[in-house]
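Here's the structure, in structure tokens; my notes come after.
The values are calculated or read from the model by the stated rules, or taken from the named source; none is laboratory data. The structure displayed is predicted, hence computed values, not measured ones. Note that each Cβ is placed from the backbone with ideal geometry, even for glycine, and that neighbours are counted across all protein chains shown. We work out accessible area using only protein heavy atoms, side chains counted, and drop any ligands, DNA or RNA first. Shrake-Rupley method; radii C 1.70, N 1.55, O 1.52, S 1.80 Å.
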Amino acid sequence: MGSVLRRLLFFFQRNQFDRDLEGELRSHEEMKAQALADADGMSGDEARAAARRRVGNPLRLREQSREPWVFATIEAFAQDVRHALRLMRRDPAFTFTALATIALGIGLNTAIFSVAYGVLWRPLPYPDPDRLVMISSAQQSETGVRTFSTWAPVSYEGLRPHVTALDHLAAYAPIDARLTGRGEPMQVPALDVSPNFFATLGVTPARGRAFLTGAAAPDDDGGAIVSDRLWRTSLRADPAIVGQSITVDGLPRTVVGVLPPAFSFRPVIRIGALPEVDIFLLNRWPGDTGTSAFLFLLGRMKSGMTQARAEAELTALVNDSSIAPAGALAMEGARASNVRTLAFTVGLQEYGTESVRTLLLILLGAVSFVLLIACVNVANLQMARLTARRGELSVRMALGAGRRRIVRQLLTEAVVLSVVGASLGVMLAQVAISFTLPLVPQSVLPRLGGIVIDARVMAFCLGLSLVSTLLVGLVPALRVGGATFGEGLALNAGATRTTGDRQGERLRTLLVAAQIAMTLVLLIGAGLLIHSFVRLTSVSPGFESSGGDGVVQTVRVTLPEDLYDGPDRMHAFARGVLDRIQYLPGVTSASVINSAPFGMMFIQGSFEIEGQPKPTLAAGTPKIDAGYFKTMGIPLLAGREFTARDTADAPNVAIVSERIVREYFPGGAGAALGRRVRVGIMSADGEWMTVVGVVADIRQQGLDQDVKPMIYAPFQQDRSGFIRFVSFVARTATPGSVVEGIRTEIRRAAPDLPIASAATMDEAVAASVAAPRFRTLLLVLLATTATLIATCGIYGLMAYAVAQRRREIGVRMALGADRRDVLRLVLTRALRIVVVGLVVGLAGAAGVTRVLQRFLFGVTPTDPIAFTIVTLLLLAVGLMAAWLPARRATRIDPCAALRAE
Amino acid sequence: MLPGTLEMLILKTLSIESMHGYGIAQHIQMLSAHVLTIEEGSLYPALQRLLVKGWVLAEWKISAHNRRARFYRLTTAGKKQLGIEESRFSQMFGAIMRVMKTT
């Protein structure tokens, strides 16, 4: 900073300095040459050469001569800084307002930028991360394009040897692993990976080695690589861990490597982010895994390769049926003749952050607005102060201070303000980040670990304070160059005070109106989000997550295949635990479901109603036990709930939801009873089940999701593996102790079974709206800050205007104007400014709010309610800010005001 | 040369009459009977230091040999400074002499 500024200031005088020195040295040389010629009788040329030799290196000489000046410039700068600080101390109200404004503006920008940079742009911790791509597919048909993220193992095996655009093509599949034998059984985020996974990422373990590839790969079957975090916690940082065995999913796995601490891999699937992976298991997916698609493909492009070329090659390959057999490409499988499959690539970084990119860019836009408003405000304050300091500055100019010197002084003041403000801002950002980051739900922002205020963020902040310096300092400073100042004004400075400074006044009015316009845009954005958040949270989930007789507590486990190899054992486990849970103290009712609402898991599939054409809708197909609807508080509309008699040997029964009745049984709920339905994943190929009941609809996946048709079947009658996922639900007034009770019962039934999660339904619902709540809160915070700053702006302008017009108002009052007239005079002026700002702001908002479209729920981007309320609010706030100075104006004593002149 | 003495010598020289850089160097050299040789590499930075401090002023004039040269002249502040330097120097000189004369 110092050296930059020093050079900048010296630059002003450098040309003159260089010219002078140049000339001086030349004349010195000539005189010396002359002397040599006179004394020793040298010829002219000889003498000149000798003189030049004696004078020495002119560049060095010039540098040496310049040095005193450069240091003097620093001294002058220090003097200016001291002067600026003195002025700041002398006017604490101004200083406080200006510093707070700048600190807020820069702090918010730094905070949001550090988040945006950390999440969106900080390079992934792998070598050449730009070359890493995720490979997805899309199927184009006349109904549109559908994209799929996953591939079948046969497709992967088919592609791998043929693709030339990539150095590596790796596959992975996220799984939940069960780590046992090391203390409490744990469910650990894990990844099945192909042998070349780490080679593709370019990562070498800190201990041990990566998986072997090629012909040696089979040697690592049963191998595992663990994260540094897992190694430090569960494995107690055992230095001899490599080569030892850990038990994953009931099988011994040999640890072949421990990853470096900085390594982090987060497989991103559809929603937000999954936790960081702790265990990597080698898997080569033998050919008998069929055509179901569950592999994510990660590629490292050859250097110099473009995504377009890689995509072209991959697309050609996937459409070659000898490489990728039909039906093996994606979940939907079948490749009809009219469907073309495209392979496309997305940068790994982009792939993981797509969900938050728009939000963060919007926030960045919003905070830039706040900074702009802040800068305008401070510039405005500076200008008001400048007018007040006109006397001082004019006198200084009359005493010989150059215009350049005065401008430099003003710029220095702006620099001091900005630097101090920016430092406060960075501290503010640091505090804000460390307080808010822990509150940010993981599903909202992936890569939270990457968010720190580092050199790059500081550089950004420095840039911001530079910009703000220019904005804050340049506008007022440039006006010094205008006609307003001059030596002539010094002596009659008193006289000019009453007429005011028309041109500056107009500019300041314009700036305040612009502030109001920008604030309105921000406020309307916040208003829209608030309105849609209110809409969203007022949506009923369809179940009663809490009520008179307690809250619903859920505890989820996943039954591992090695321990529970058939439906009977799973039934027995669920039955056994449930029988005991029902008698836990405080439990009024309890049941079991394989996919609890608002959970991660939602199993749906095709269904069919006997005697009706096949529906195109998919239905949720939860398996539940007796008492589920009672426990969840879902109303039964017709028929009966499941009972203990609906066992595996009893006739198959089902309960359908209202939506099914609405769509397929025009006769109402009663008409559905006794009819038969069947379900399946790909096609409805299960056994027929007789409908014995109808229940109300629920929003299974989230408040913002459509109501899905649901077909519930008894847990005990299920023959599929999908009851592997067991959620115990219990209604209780004492959720804390019940969780412990359920945990104990589960451990009693299965000592090695980790609890996957435990939460009340209230918590689950709250978590599902965490993202909208978070973004609403953020925008409200920004808009509030902007409003605060803009309010200060209006207040400052009006207070100043009143002070300026003391005499005029005094005259008016002396001539008989009463307080009401004075009040009206001031408020009308404020109203004019505010209204101009509001009109411009409304037009701007109508154009800008469209970017919020995808975050709105049940609200249009031009929602009249939000627009109206926010406009009125800002109008009220604006007038209120003008009210105080206006009241002060009414208290002006006409005599005193006139005498003062 | 002792540190700071060059500035003092320049100020002293300029207190007689305004002079250009070459002239200053010549003057000091001559009066000191060639004991003190003033290098351009230290003369010009010293002159700049004096300019910065406001003890001398510089202006372009025509020299006696009808040549354009930059002449330095002492300011009021410079005269005052010369007085300060002289008394400080004689103090210092006296002190050094006293030490040297002992034993």
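In the stretch A:347-362, which residues are assigned to a strand (DSSP E or B) and surrounded by fewer than 17 Cβ atoms within 10 Å (Cβ to Cβ)? Residues satisfying the conditions do not exist here.
Once the stretch A:721-751 is narrowed to residues that are open to solvent by 40 Å² or more (accessible area, probe 1.4 Å) and part of a loop (DSSP other than H, G, I, E, B), the residue that is nearest to residue A:250 (Cα to Cα) is A:751.
Can you work out which of the residues in the stretch A:25-62 that are within 9 Å of chain B (Cβ to nearest Cβ) and open to solvent by 70 Å² or more (accessible area, probe 1.4 Å) is nearest to residue B:58 (Cα to Cα)? Only one residue tops the list, namely A:30. The strands (runs of 3 or more DSSP E) located wholly in the stretch A:638-707 that include 3 or more residues which are closer than 25 Å to residue A:589 by Cα occupy A:653-657, A:689-695. Name every residue in the stretch A:709-719 that is part of a loop (DSSP other than H, G, I, E, B) and modelled with pLDDT of 90 or more, in order of residue number. Within the stretch A:709-719, A:709 is the sole residue that qualifies. Total residues in the stretch A:114-161 satisfying the condition of being in contact with a Ser or Thr (Cβ under 8 Å, 6 or more places away or on another chain) and of a type in the set (A, V, I, L, M, F, W, C): the figure is 11.
Flag: residue A:631 does not match the condition of being modelled with pLDDT under 90, within 44 Å of the chain's Cα centre (by Cα) and polar (S, T, N, Q).
For the stretch A:351-396, the set of residues classified as among the β-branched types (Val, Ile, Thr), modelled with pLDDT of 80 or more and under 17 Å from residue A:511 (Cβ atoms) consists of A:370, A:373, A:376, A:378, listed by residue number. Restricting attention to the stretch B:50-70 and to residues that are of a type in the set (Val, Ile, Thr) and more than 7 Å from chain A (Cβ to nearest Cβ), the residue that is least open to solvent (accessible area, probe 1.4 Å) turns out to be B:56. Considering the stretch B:8-45 alone, what residues qualify as being open to solvent by less than 30 Å² (accessible area, probe 1.4 Å), under 18 Å from residue B:89 (Cα atoms) and either part of a helix (DSSP H, G or I) or within 14 Å of chain A (Cβ to nearest Cβ) (or both)? Within the stretch B:8-45, B:8, B:10, B:11, B:13, B:14, B:28 qualify.
Every residue, every condition in (1) at pLDDT 65 or above; (2) among the acidic types (Asp, Glu); (3) assigned to a helix (DSSP H, G or I), yes or no:
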position	(1), (2), (3)
A:312	yes, no, yes
A:320	yes, yes, no
A:329	no, no, no
A:342	yes, no, no
A:345	yes, no, no
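The set of residues in the stretch A:809-834 being in a helix (DSSP H, G or I) and free of Cβ contacts under 8 Å to residues at least 24 places away in the same chain consists of A:812, A:820, A:821, A:824, A:828, A:832. Residues in the stretch A:824-871 that are more than 27 Å from residue A:510 (Cα to Cα), open to solvent by 20 Å² or more (accessible area, probe 1.4 Å) and of a type in the set (D, E, K, R): A:854 alone.
Within the stretch A:684-706, does at least one residue satisfy the condition of being open to solvent by 70 Å² or more (accessible area, probe 1.4 Å), over 43 Å from the mean Cα position of the chain (by Cα) and within 15 Å of residue A:618 (Cα to Cα)? Yes, the stretch A:684-706 contains a residue that is open to solvent by 70 Å² or more (accessible area, probe 1.4 Å), over 43 Å from the mean Cα position of the chain (by Cα) and within 15 Å of residue A:618 (Cα to Cα). Residues that are surrounded by fewer than 20 Cβ atoms within 10 Å (Cβ to Cβ) and either under 30 Å from the mean Cα position of the chain (by Cα) or closer than 30 Å to residue A:854 by Cβ (or both) within the stretch A:772-814 comprise A:773, A:774, A:777, A:780, A:781, A:784, A:788, listed in sequence order. Taken as a whole, the condition of being outside any loop (DSSP other than H, G, I, E, B), surrounded by 14 or more Cβ atoms within 10 Å (Cβ to Cβ) and either among the charged types (D, E, K, R) or without any contact (Cβ under 8 Å) to a residue 24 or more places away in the chain (or both) applies to residue A:167. If you go through the stretch A:304-314 and keep only what is touching a strand residue (DSSP E or B) at 6+ places or on another chain (Cβ under 8 Å), open to solvent by 20 Å² or more (accessible area, probe 1.4 Å) and either among the hydrophobic types (A, V, I, L, M, F, W, C) or under 22 Å from residue A:195 (Cα atoms) (or both), you end up with just A:305.
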